[in-house]
Structures are given as structure tokens and as C-alpha cells.
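The values are calculated or read from the model by the stated rules, or taken from the named source; none is laboratory data. Computed from a predicted structure; not experimentally measured. As a convention, Cβ positions derive from the backbone with ideal geometry for all residues, glycine included, and neighbour counts pool all protein chains shown. SASA here: full protein model, heavy atoms, side chains in, ligands and nucleic acids out. Shrake-Rupley method; radii C 1.70, N 1.55, O 1.52, S 1.80 Å.
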Amino acid sequence: MKKFFLVLVAAVMMSGVATVSAQSPSQAFGIGASLGWYDAGGHLVYAITPAVHVGTQFGLLISDGNTSLTFAPYGKFLFSGSKELKPFVIGQFFISSNSGEGSSSTGLLFGGGAEYFITSNFGLFAQIAVLRLPFSPTGSKVSFGLATPSIGAEWFF
């Protein structure tokens, strides 16, 4: 994960070499990949407006004979920042299952972060889960804090 983070930081810094003036897309579909909240995963996203994005994240982790699968629809509201850097808040409903433990969990997750749009079709983001509200009693606890970061990239068409 350290290598991925270093590559992400390098890409953001190198993108500042050219004078690019991008903004969040509008009425566009996209795909993305991220690390953090649900291990490694991908997501599908639709930018309704430059400020409102909806989508769903898919996570898959196979480790020591256990398979963990996550499905998490989300809504993201991007605030007006600079043209390229947009702070945002995000809310997700998650459903996770673990085949090795024979358990599943559901709940809500709320967080915030920022997305840097290198072009209007490509953005890099970092986010932190602030509040996790599980619905299922299987070992999940309500958590509040800044201990769950995530990073990723989005491509819009």
C-alpha cells in the first residue's frame, strides 16, 4: 500500500507541471479503483452534476481461505473549492459477507475527503471514514474517528 500511495502522490505532484484547469464532470459515467475502507475494490459512479455523484463500490478480499465480499452504494457531495481540488462528504450503505467466518454485516458509513481533478475526466481522491454505524450485531461496533483512510482514482467517460 505504501508503494501505491507514493505513486499516487507522485502523479498528483507531476500533474502540477502542466497548467491544467479541470473541474468535476457533469452527467457522466465513470469507473474507479480504491484501497482502504473495503480493502481493494472498484466502483461505478455517475456524476449527476459537478457537485453530486452517486455510485456503488465493490470490494473483494481473498486471504487464508477466506473470501470477503462487499457491496456499498454511496452518495457524494462535492463542495466548491478551487477548480481542480474539491472537498467532499460521502455517505455509504454497506453489505459485507465473509465466507470463512460465515458472517455478514450491514450498516452506514459517513466520511469526508477531497478529490483532485487532473482533467475533467480523471480525478484522484483521499477520504476518511468518520462514523460507522453497523446494523448487524456480529462483532461490529459503532466507530467514530479518523482511523480509516482510503485513496483512489476515478475515470469519467
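List of remarks:
- Across the range 40-96, the number of residues qualifying as among the hydrophobic types (A, V, I, L, M, F, W, C) and at positive phi comes to 0.
- From the list Ala72, Ala22, Ala40, the one residue that fits, being at pLDDT below 95, of a type outside the set (Asp, Glu) and not in a strand (DSSP E or B), is Ala22.
- Among residues of the range 52-67 being open to solvent by 30 Å² or more (accessible area, probe 1.4 Å) and among the small types (Gly, Ala, Ser), the one that is nearest to Ala114 (Cα to Cα) is Ser63.
- Residue within the range 82-96 that is open to solvent by less than 50 Å² (accessible area, probe 1.4 Å), over 16 Å from Ala33 (Cβ atoms) and part of a loop (DSSP other than H, G, I, E, B) present: yes
- Any chance Thr70 is β-branched (Val, Ile, Thr), under 24 Å from Gly145 (Cα atoms), more than 11 Å from the chain's Cα centre (by Cα) and open to solvent by less than 30 Å² (accessible area, probe 1.4 Å): yes
- Scan the range 113-135 for residues that are open to solvent by 20 Å² or more (accessible area, probe 1.4 Å) and either over 19 Å from Thr49 (Cβ atoms) or part of a strand (DSSP E or B) (or both) and the total you get is 14.
- Residue pairs meeting the criteria (Cβ under 6 Å; at least 6 apart or on separate chains; first of a type in the set (A, V, I, L, M), in the range 77-98; second part of a loop (DSSP other than H, G, I, E, B) and surrounded by 15 or more Cβ atoms within 10 Å (Cβ to Cβ)): Leu78/Ser24; Leu78/Ala51
- Output for the range 106-122, where each listed residue is under 23 Å from Phe93 (Cβ atoms) and of a type in the set (Gly, Ala, Ser): Gly107, Gly111, Gly112, Gly113, Ala114
- Criterion: within 20 Å of Ile31 (Cβ to Cβ) and touching a residue at least 12 places away in the same chain (Cβ under 8 Å) - qualifying residue of Leu61, Leu109, Leu146, Leu131: Leu61
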